[in-house]
C-alpha cells in the first residue's frame, strides 16, 4: 500500500512530521491510505490525540502515554514512576480498584500498563463498541486517582516482591548490571522498578508531588487504533479527561524537544555472583541515539549479527560450536544514549570460549561487513516483522504513541521499509567498524553466593 502525507486541506506535507505549528483545537490528517487514515488533534491544555482507523477489524486499542519514566527521577525518587503506575489502578472517587478491573474484564478486554526509562503507558484493547468505556476508565484513573496512604503501603509490598522476582531472573540481573556499568550513577543506568532502599523510604507525599508535576495534559499523548471515528474518540477523550479541570489547567503547547548531546558510556567489567546454574553475560559498546539516521543500518546489522536463528552469532556460538543455548544481539536507543550488545547464557566452563568466539565475530564483521546474502536476508526479516506486527490494533496504537511522544515523526510503513531496503553493504560495514571498535562494557553474573 502507498501512503501519502496530507494536511487538513489536503495539500502535500513534509513526511511524517507531527507537531510542527499545530495549534490547540486543531485537527489534521497525518497519513492516509486505501485501508485507513491517521488523524491528529490537540485538545485544550495541550493534550494530543492521534488515531488510526483500521476498517475491517472489530477491536480498538488505546494507550495513554505519559512523558515521564525513570530517567526523570532523582536518587530519592528512584522507582517513583513505576510506583505511581501501580497506584493509578487502585481507585478514584468514582471507581474502586475492583470496579476498574471489572469494567474491562466484563467485556473481555485486555488492560495493563508499563513503565519505561523515558515514558509510562496505560493501555487497553477492547471490542470497538466498548472503546468509549475504556477511554472513560483510563481518563478517570489517570486524572482522578486518590493515592490513599493505605494503597501506598499495600502496593509498596507488591513492588518489593516484584524487585525480588527480578533479582531471581538471570537475564534481568545481568542486563541491569550492564546498564549500571555503562551509565554509572546517571538515571538512565538505574533499573526502572527502583531499589529496596528507595521503595522502602518513598513517601506518599513524594509520589503525590511527582504525580502532579508530570501527569499534565501537555505531557500526555492519547493514541488509539482500530475500528473508530476520530471525532467520536475526541468526544470521549474530552469527557473522560476533562475531570477536575484537567484540560484547562495548562494552556500550553506540547513540550519542545531540544537537541541532546549523546551520553558517553563507561567501559569496564562488572561482575556479580548469584546462585544460578549458568553464567550470564552481556558484552557491549556505545550505541546510537534513537534519532540517529544510522538507526536503519543498525537494524539491518543487528538482524544479521544476532537477530534470529540464521544470524552469525546463533550459527557460530550455538549451532557450530555448541557453546550456549541462548545468544542474541540487541540495540537500545534513548534520547541521549544508546547501547549495542550481545547477551549469552552458558555453562561456567564455556564462558571464555564464548567471549573469544563473540569477539572474533565482532572483529570480523567490523573489518569485512556482512555479505550481500546476509543483507537481503536481514532486510526481509525486518520487513516481514514490521508488516506482520502491524496487523494488530495494539501494535499500531503503540507505533502512534511512540511516534508522537518520543520521535515527533510518523513514517508510513512503506517509508520505513524503504529506508531499510536502502541500507547498503558499505553503510553496514562503516557502522560496524565504528561501533565494534569502541571500548568494551562487560557484565558477568556467575554462580556463587548472592552478593548484596
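The values are calculated or read from the model by the stated rules, or taken from the named source; none is laboratory data. Note that the structure is predicted; figures quoted are calculated from it, not measured. Methodologically, a virtual Cβ is constructed for each residue, glycine included, from the backbone with ideal geometry; neighbour enumeration extends over all protein chains shown.
Name every residue in the range 421-452 that is assigned to a helix (DSSP H, G or I) and crowded, with 20+ Cβ neighbours inside 10 Å, in order of residue number.
Narrowing the range 421-452 to residues assigned to a helix (DSSP H, G or I): 421, 425-436.
Selection gives 428, 431, 432, 435, 436.
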Residue satisfying condition, being in contact (Cβ under 8 Å) with a residue 12 or more places away in the chain and farther than 21 Å from residue 402 by Cβ, within set 281, 373, 298, 339 = 281
request  = Please verify whether the range 116-136 includes one or more residues that are under 25 Å from the mean Cα position of the chain (by Cα), in a helix (DSSP H, G or I) and closer than 22 Å to residue 208 by Cβ.
outcome  = no
query = For the range 72-83, does any single residue satisfy the condition of being surrounded by fewer than 21 Cβ atoms within 10 Å (Cβ to Cβ), in a helix (DSSP H, G or I) and without any contact (Cβ under 8 Å) to a residue 24 or more places away in the chain?
reply = no
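Rundown of residues vs (1) without any contact (Cβ under 8 Å) to a residue 60 or more places away in the chain; (2) crowded, with 22+ Cβ neighbours inside 10 Å; (3) touching a strand residue (DSSP E or B) at 6+ places or on another chain (Cβ under 6 Å), yes/no style:
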site	(1), (2), (3)
316	yes, no, no
332	yes, no, yes
354	no, yes, yes
361	yes, no, no
364	yes, no, no
368	no, no, no
380	yes, no, no
request  = Confirm whether residue 42 is farther than 26 Å from residue 129 by Cβ, at pLDDT 90 or above and within 25 Å of the chain's Cα centre (by Cα).
outcome  = yes
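Quick check, is residue 306 more than 21 Å from residue 265 (Cα to Cα) and touching a residue at least 24 places away in the same chain (Cβ under 8 Å)?
On the way: more than 21 Å from residue 265 (Cα to Cα): yes; touching a residue at least 24 places away in the same chain (Cβ under 8 Å): yes.
Answer is yes for this residue.
Being in contact with a strand residue (DSSP E or B) (Cβ under 9 Å, 6 or more places away or on another chain), modelled with pLDDT of 95 or more, crowded, with 20+ Cβ neighbours inside 10 Å and assigned to a helix (DSSP H, G or I): is that true of residue 174 here?
yes
How many of the residues making up the range 144-163 are at positive phi and within 24 Å of the chain's Cα centre (by Cα)? Walk me through it before giving the result.
First, the residues of the range 144-163 that are at positive phi: 147.
With the extra rule that they be within 24 Å of the chain's Cα centre (by Cα), the set shrinks to none.
Count: 0.
Which is exposed (fewer than 14 other Cβ atoms within 10 Å of the Cβ), outside any loop (DSSP other than H, G, I, E, B) and within 20 Å of the chain's Cα centre (by Cα), of 400, 388, 373, 405?
Details: 400 fails: exposed (fewer than 14 other Cβ atoms within 10 Å of the Cβ); 373 fails: within 20 Å of the chain's Cα centre (by Cα); 405 fails: exposed (fewer than 14 other Cβ atoms within 10 Å of the Cβ).
Answer to the check: 388.
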ask   = When you look at residue 343, is it part of a strand (DSSP E or B) and either surrounded by 15 or more Cβ atoms within 10 Å (Cβ to Cβ) or in contact with a strand residue (DSSP E or B) (Cβ under 8 Å, 6 or more places away or on another chain) (or both), yes or no?
value = yes
key: Test set (1) surrounded by fewer than 20 Cβ atoms within 10 Å (Cβ to Cβ); (2) touching a residue at least 24 places away in the same chain (Cβ under 8 Å); (3) closer than 22 Å to residue 226 by Cα - residue 166 fails condition number   = (3)
Out of 360, 378, sole residue that is touching a helix residue (DSSP H, G or I) at 6+ places or on another chain (Cβ under 6 Å), assigned to a helix (DSSP H, G or I) and not assigned by TED's automatic domain parsing to the domain that holds residue 118 = 378
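Considering every residue within the range 88-98, establish whether at least one is in a helix (DSSP H, G or I) and either touching a strand residue (DSSP E or B) at 6+ places or on another chain (Cβ under 7 Å) or surrounded by fewer than 20 Cβ atoms within 10 Å (Cβ to Cβ) (or both).
Checking the range 88-98: at least one residue is in a helix (DSSP H, G or I) and either touching a strand residue (DSSP E or B) at 6+ places or on another chain (Cβ under 7 Å) or surrounded by fewer than 20 Cβ atoms within 10 Å (Cβ to Cβ) (or both).
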request  = For the range 195-240, enumerate the residues that are buried (at least 18 other Cβ atoms within 10 Å of the Cβ) and not in a helix (DSSP H, G or I).
outcome  = 202, 215, 216, 220, 221, 222, 223, 224, 225, 226, 227, 228
